[in-house]
Amino acid sequence: SRVKVACQSSSLKQYEIRGRIHKDWGPAEERLSLYVLLDLKLVPEHIETRTLYNPLRPDIPQGTLEMFVDIFPKSRTIPPPINITPRAPQELELRVIVWNTCDVIMADISVTGEEMSDIYVKGWLKGHDKKQKTDIHYRSLDGEGNFNWRLVFPFEYLPAEEVMVIKKKEHFFSLDKHEEKYPVVLCVQIWDNDIFSPDEFLGVVELNLNRMPKASKYSKTCSLDDLPDNEKGKPVQLVSLFEQKNVKGWWPCYLDLDPETPRALTGKVELELEVLTKEDAEAKPAGKGREEPNENPHLKDPDRNGHSALIPLL
């Protein structure tokens, strides 16, 4: 095998002139790649991976050991050790205010024969098990829902890798937790509340907070074309919440139950997203929902024109 970099071709014969290969040196393509990178002075050190075996079962691997290997000649001054302490994640808090919904599809028919939905919104960070939801806007006749409801999600974040770090036990009897890394994706769903049957799922939008589609300022201009994977292949502007710190606007929700059928627009949701450091969150406290401390900003009870006072069975 050969590697070509900047019009210069290299082969293993140029480096392994003695011809004797140790069984632990690794595959030929990996050895050649490392030789070339060393020549280019791009890799002054590297990670060695070795398989672990037990003499009682020599044919069955017992795991792997990753080692950071540095070899220096005796004639050279040994440099000071490199700090390889793992990066510590930042403690952040995501605040999501669910302001309104509109154009939500109707899921029920009232006893008076009117199409309606009892709307609520559910949200969570993918990878976390805990979900939060708003209160219910009963008997919406036109798909409009008013909430003024705050969701609060503390999380740990590695900026260099743009991932969220979650510490979990591998199983119930594990003594220690291990780290798992996930993209920071906010999942927002619209549901219809039912009394005597399971609640009905109406639509979803997923927002990668590092590369999220820019929100529409008005609900009328909000459409499925605003999403990065829109079926028309239309380019969309992406923004990072970690750079902007605060964004507000409308995003489309959809149902995508059958991969062979086009997505259907099933509603729109108005959100305000803010990300804060732990210190900023403590300096600007805010409760979940409309609970105290109800500030930053203060959320008023929504004006639902008396709909919430009506019993759900109407």
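The values are calculated or read from the model by the stated rules, or taken from the named source; none is laboratory data. Please read all numbers here as calculations on a predicted model, not as lab measurements. Cβ coordinates were reconstructed from backbone atoms using ideal geometry, including for glycine residues, and neighbour counts include every protein chain displayed. When the accessible area is computed, the model is the full protein with side chains, heavy atoms only, and any ligands, DNA or RNA have been set aside. Shrake-Rupley method; radii C 1.70, N 1.55, O 1.52, S 1.80 Å.
Here's the yes/no breakdown for (1) of a type in the set (A, V, I, L, M); (2) in contact with a Leu (Cβ under 9 Å, 6 or more places away or on another chain); (3) over 25 Å from Pro302 (Cβ atoms); (4) modelled with pLDDT of 95 or more:
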| residue | (1), (2), (3), (4) |
| --- | --- |
| Asp118 | no, no, no, yes |
| Lys133 | no, yes, no, yes |
| Arg139 | no, yes, no, no |
| Val152 | yes, yes, no, yes |
| Lys167 | no, no, yes, no |
Checklist outcome for this item: Given (1) modelled with pLDDT under 95; (2) touching a helix residue (DSSP H, G or I) at 6+ places or on another chain (Cβ under 6 Å), Pro262 misses just (2)
Next on the checklist: Taking the conditions exactly as written (part of a loop (DSSP other than H, G, I, E, B) and of a type in the set (Phe, Trp, Tyr)), does Phe68 satisfy them or not?
Outcome noted: no
Item to check | Looking only at the range 112-134, and only at residues there that are open to solvent by 40 Å² or more (accessible area, probe 1.4 Å), more than 24 Å from the chain's Cα centre (by Cα) and charged (D, E, K, R), the one that is nearest to Pro252 (Cα to Cα) | outcome: Glu115
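Residue-wise test of (1) touching a Ser or Thr at 6+ places or on another chain (Cβ under 6 Å); (2) open to solvent by 90 Å² or more (accessible area, probe 1.4 Å); (3) without any contact (Cβ under 8 Å) to a residue 24 or more places away in the chain.
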| residue | (1), (2), (3) |
| --- | --- |
| Lys13 | no, yes, yes |
| Thr51 | yes, no, yes |
| Asn54 | no, no, yes |
| Asp59 | no, yes, yes |
| Pro79 | no, no, yes |
| Ser110 | no, no, no |
Checklist entry - In the set Lys268, Lys220, Lys248, Lys232, which member is out of contact with any His (no Cβ under 6 Å at 6 or more places or on another chain), open to solvent by less than 20 Å² (accessible area, probe 1.4 Å) and under 28 Å from Glu144 (Cβ atoms)? => result Lys268
Checklist entry - Any idea which of Glu161, Glu156, Glu180 is of a type outside the set (S, T, N, Q), part of a strand (DSSP E or B) and exposed (fewer than 14 other Cβ atoms within 10 Å of the Cβ)? => result Glu180
Checklist entry - Residues in the range 77-93: is at least one at pLDDT 80 or above, within 30 Å of Gln244 (Cα to Cα) and aliphatic (A, V, I, L, M)? => result yes
Checklist entry - Since Lys168 meets every condition but one in (1) in contact (Cβ under 8 Å) with a residue 40 or more places away in the chain; (2) open to solvent by less than 80 Å² (accessible area, probe 1.4 Å), which condition does it not meet? => result (1)
Checklist entry - Residues of the range 257-297 being of a type in the set (D, E, K, R), in a loop (DSSP other than H, G, I, E, B) and free of Cβ contacts under 8 Å to residues at least 12 places away in the same chain, which ones? => result Asp258, Glu260, Glu291, Glu292, Glu295
Checklist entry - Out of curiosity, is Ile105 at pLDDT 95 or above, part of a loop (DSSP other than H, G, I, E, B), closer than 30 Å to Ala264 by Cβ and out of contact with any His (no Cβ under 9 Å at 6 or more places or on another chain)? => result yes
